[in-house]
Amino acid sequence: MKEMINFLILPIVIPFLTGILLIFFAKYVPIQRGIAGISALLNIIVSAMLVNKVHHEGIQTLNVSSWQAPFGITLVSDMLSALLVLTTSIIVFACVIYSFKSIKPEQERYYFYSAMNFLALGVIGAFTTGDIFNLFVFFEVLLMSSYVLLVHGGTKIQLRESLKYILVNVISSALFVITVAYLYSVVGTLNMAHISVRLSELGQSGIITVIAVLFLIVFGLKGAIFPLFFWLPGSYYAPPAPVMALFGALLTKVGVYSIIRTYTLFFLQDTGYTHQLLGILAIITIIVGVIGAIAYSDVKMIIIYNIIVAVGVILFGVAVMEPESLTGSVFYLIHDMIVKAALFLLVGIMISIAGTSNLRKISGLIKRYPGLGWTFFIAALVLAGIPPFSGFVGKVLIVQGGFIGEHFWGAGIVLISSLLVLFSIMKIFINGFWGTPQSYKGEEMVPVRKLLAAPVILVSISVLYGAGSEFVYPYISQAAETLANPSIYIDAVLKE
């Protein structure tokens, strides 16, 4: 029992204690870096052990107090949760080591690594909680940390975008509390597994459908689905590269995860309406994201709009609700988290060298920085889903599920989006890395090789994830099986 508790709660406890500890070393940057790096690496090890434990022993649960589920607060690690916790830990580690050479020491002294750890705490907690109100609590933890990271550096654009970001999330959080209260008034419980049981007993109801749509609005704001993505491009454009990578890889994915969890566990009584609505919004999200990615000539904006495309692709697989599409959505979710973090770090290096994110003012980088150029090229192929990379496996499964469920138009749009995503990302490679080499002011001061270590790690993991898909597939299918059969999750939590 003690071993189970340690594995389940340690990925939450480690960043929590690290974040507190780093506050006391705010003025000692080398100590901060050492503690933050070791802590992030330790969390990867613990998270990997948790994944292994869930794979061999099934869903792990922990009642935080002496109250048993559904009366107490319960933490739950099914395979989906465990895989996302591991992926988060890897991304946080990469962003931490990238920050050593990209964030100025005077900025590091202002609790930069503490905020990163508290952000990791919020994200991992949201993936692990089995209580809908505590999902809100962990959302607030990661949002407060993101406010700090968004304004870190104090530039004009950061301060301007932070006002919009905070306003949107304050409204979203208020709506979240109202929706949870509305749900509680109907079912009388906050435990996710117990909510599912109560909703199945109530059967199809107009009130339940209204609550499902309200949750879609709440999580859609956080996950940036159409038409609720309006805040994302500006907010993600403003912060420095490692913070962009954290935001792009993790924050929207918490919203996506929340939609996946609620729409596969709670709202199964009126799928003809709720999931059809989700599917329509997902398809429009893909289209809008692709248009934005193609239209812009700013390297940051191209990657940012590709976040929106990925959100639509993942949620289309969830809306279809076929075992194949759910498996594809889980596979693609993990793939996208890793490759988006890598791409943001890579364009961060490009911007550091060129002093601009305007693609029209960058060219010929590959001649002086071949390692950067070819790493970006591989990341571009991974993102676009070119076989045998990881994006290909996830999209094939989603499209297969779409055809099985007779969602032909949606599956076709997912396929077409792959070509357009490739076009948008190769635009950066062709224009930014080929062409006539230019000299940029201060580029000799950029430690390119040291900065490149983190994105190389992430791109290598992403390549192995695709090439070794046969090895990881049992883990992914185990996660998807829990989504397709909610009774597995319910029985594990309620011990029925």
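The values are calculated or read from the model by the stated rules, or taken from the named source; none is laboratory data. For clarity, every value in this text was computed on a predicted model and none was experimentally measured. Here the Cβ is made from the backbone with ideal geometry for all residues, glycine too, and neighbour counts use every protein chain on show.
Inspection of segment 21-40 finds no residue satisfying the criterion of being more than 20 Å from Leu149 (Cα to Cα), assigned to a loop (DSSP other than H, G, I, E, B) and hydrophobic (A, V, I, L, M, F, W, C). As a summary of the residue check, Ser145 satisfies the conditions (1) small (Gly, Ala, Ser); (2) out of contact with any Phe, Trp or Tyr (no Cβ under 8 Å at 6 or more places or on another chain); (3) farther than 30 Å from Leu494 by Cα except for the one numbered (2). Mind checking whether some residue in segment 182-203 is under 30 Å from Thr61 (Cα atoms) and basic (Lys, Arg)? Yes, that holds for at least one residue.
From the list Leu163, Leu214, Leu135, Leu149, the lone residue that is touching a strand residue (DSSP E or B) at 6+ places or on another chain (Cβ under 7 Å) and either in a helix (DSSP H, G or I) or surrounded by fewer than 22 Cβ atoms within 10 Å (Cβ to Cβ) (or both) is Leu135. Of all residues in segment 275-283, none satisfies being outside any helix (DSSP H, G or I), surrounded by fewer than 24 Cβ atoms within 10 Å (Cβ to Cβ) and touching a residue at least 60 places away in the same chain (Cβ under 8 Å). Within segment 203-219, the set of residues being in contact (Cβ under 8 Å) with a residue 60 or more places away in the chain and not β-branched (Val, Ile, Thr) comprises Gly203, Gln204, Ser205, Ala212, Leu216. Across segment 123-145, the number of residues qualifying as touching a residue at least 40 places away in the same chain (Cβ under 8 Å) and closer than 21 Å to Ser162 by Cα comes to 4.
Using the structure shown, decide if Ala82 is surrounded by 20 or more Cβ atoms within 10 Å (Cβ to Cβ), closer than 18 Å to Leu135 by Cβ, at pLDDT 90 or above and touching a strand residue (DSSP E or B) at 6+ places or on another chain (Cβ under 9 Å). So Ala82 passes the test. For segment 128-165, a residue qualifies if it is on the phi > 0 side of the Ramachandran plot and modelled with pLDDT of 85 or more, but none of them does.
Quick check on this structure: which one of Leu315, Leu397, Leu333, Leu346 is at pLDDT 90 or above and farther than 29 Å from Ile97 by Cβ?
Working: Leu397 fails: at pLDDT 90 or above; Leu333 fails: farther than 29 Å from Ile97 by Cβ; Leu346 fails: farther than 29 Å from Ile97 by Cβ.
The unique qualifying residue is Leu315.
Hey, any hits in segment 53-63 for a residue that's within 30 Å of Met350 (Cβ to Cβ), free of Cβ contacts under 8 Å to residues at least 60 places away in the same chain and not in a loop (DSSP other than H, G, I, E, B)? No, that holds for no residue. If I ask for residues that are more than 16 Å from the chain's Cα centre (by Cα), part of a helix (DSSP H, G or I) and closer than 22 Å to Val393 by Cα, which ones from segment 318-358 would you list? Residues satisfying the conditions are Ala319, Val320, Pro323, Glu324, Ser325, Leu326, Thr327. Restricting attention to segment 101-127, the residues that are β-branched (Val, Ile, Thr), at pLDDT below 90 and in a helix (DSSP H, G or I) add up to 0.
Can you find a residue that is surrounded by fewer than 17 Cβ atoms within 10 Å (Cβ to Cβ), within 21 Å of Gly466 (Cα to Cα), aromatic (Phe, Trp, Tyr) and free of Cβ contacts under 8 Å to residues at least 40 places away in the same chain anywhere in segment 368-384? Yes, that holds for at least one residue.
Does segment 244-265 contain at least one residue that is farther than 23 Å from Ala82 by Cα, buried (at least 24 other Cβ atoms within 10 Å of the Cβ) and hydrophobic (A, V, I, L, M, F, W, C)?
Here is the first cut: in segment 244-265, the ones farther than 23 Å from Ala82 by Cα are 244.
Applying the additional criterion that residues be buried (at least 24 other Cβ atoms within 10 Å of the Cβ) yields 244.
Subsequent filtering for residues that are hydrophobic (A, V, I, L, M, F, W, C) retains 244.
There is at least one residue in segment 244-265 that is farther than 23 Å from Ala82 by Cα, buried (at least 24 other Cβ atoms within 10 Å of the Cβ) and hydrophobic (A, V, I, L, M, F, W, C).
If you check Val186, Val168 for being under 17 Å from Phe266 (Cβ atoms) and modelled with pLDDT under 90, only one passes: Val186.
Inside segment 150-174, can you point out the residues that are among the hydroxyl-bearing types (Ser, Thr, Tyr) and touching a residue at least 40 places away in the same chain (Cβ under 8 Å)? Quick ask: steps written out before the conclusion?
Let us first name the residues in segment 150-174 that are among the hydroxyl-bearing types (Ser, Thr, Tyr), namely 155, 162, 165, 172-173.
Correct list: Thr155, Ser162, Tyr165, Ser172.
A count restricted to segment 64-81 and to residues that are part of a helix (DSSP H, G or I) and within 15 Å of Val13 (Cα to Cα) stands at 0. On the basis of being assigned to a helix (DSSP H, G or I), among the aliphatic types (A, V, I, L, M), within 30 Å of Pro323 (Cβ to Cβ) and out of contact with any strand residue (DSSP E or B) (no Cβ under 7 Å at 6 or more places or on another chain), does Ile413 make the cut? Considered against the rule, which asks whether it is assigned to a helix (DSSP H, G or I), among the aliphatic types (A, V, I, L, M), within 30 Å of Pro323 (Cβ to Cβ) and out of contact with any strand residue (DSSP E or B) (no Cβ under 7 Å at 6 or more places or on another chain), Ile413 comes out as yes.
For segment 342-367: of the residues being of a type outside the set (Gly, Ala, Ser), over 20 Å from Ala453 (Cβ atoms) and touching a Ser or Thr at 6+ places or on another chain (Cβ under 8 Å), which is surrounded by the fewest Cβ atoms within 10 Å (Cβ to Cβ)? So that I can check it myself, show each step before the final result.
Of the residues in segment 342-367, the ones of a type outside the set (Gly, Ala, Ser) are 343-347, 349-351, 353, 356, 358-362, 365-367.
Still in the running and over 20 Å from Ala453 (Cβ atoms): 356, 358-362, 367.
Remaining after also requiring touching a Ser or Thr at 6+ places or on another chain (Cβ under 8 Å): 358-360, 362.
Working: Asn358: 13, Leu359: 22, Arg360: 10, Ile362: 22.
Top of the filtered list is Arg360.
Note on segment 292-309: residues that are assigned to a helix (DSSP H, G or I) and free of Cβ contacts under 8 Å to residues at least 12 places away in the same chain total 1. Summed over segment 227-258, residues that are part of a loop (DSSP other than H, G, I, E, B) and of a type in the set (A, V, I, L, M, F, W, C) total 5. One residue alone among Ile425, Ile430 is out of contact with any Gly (no Cβ under 9 Å at 6 or more places or on another chain), under 22 Å from Met301 (Cα atoms) and surrounded by fewer than 18 Cβ atoms within 10 Å (Cβ to Cβ), and that residue is Ile430.
Here Ile12 does not qualify as surrounded by 16 or more Cβ atoms within 10 Å (Cβ to Cβ), of a type in the set (A, V, I, L, M) and at pLDDT below 90.
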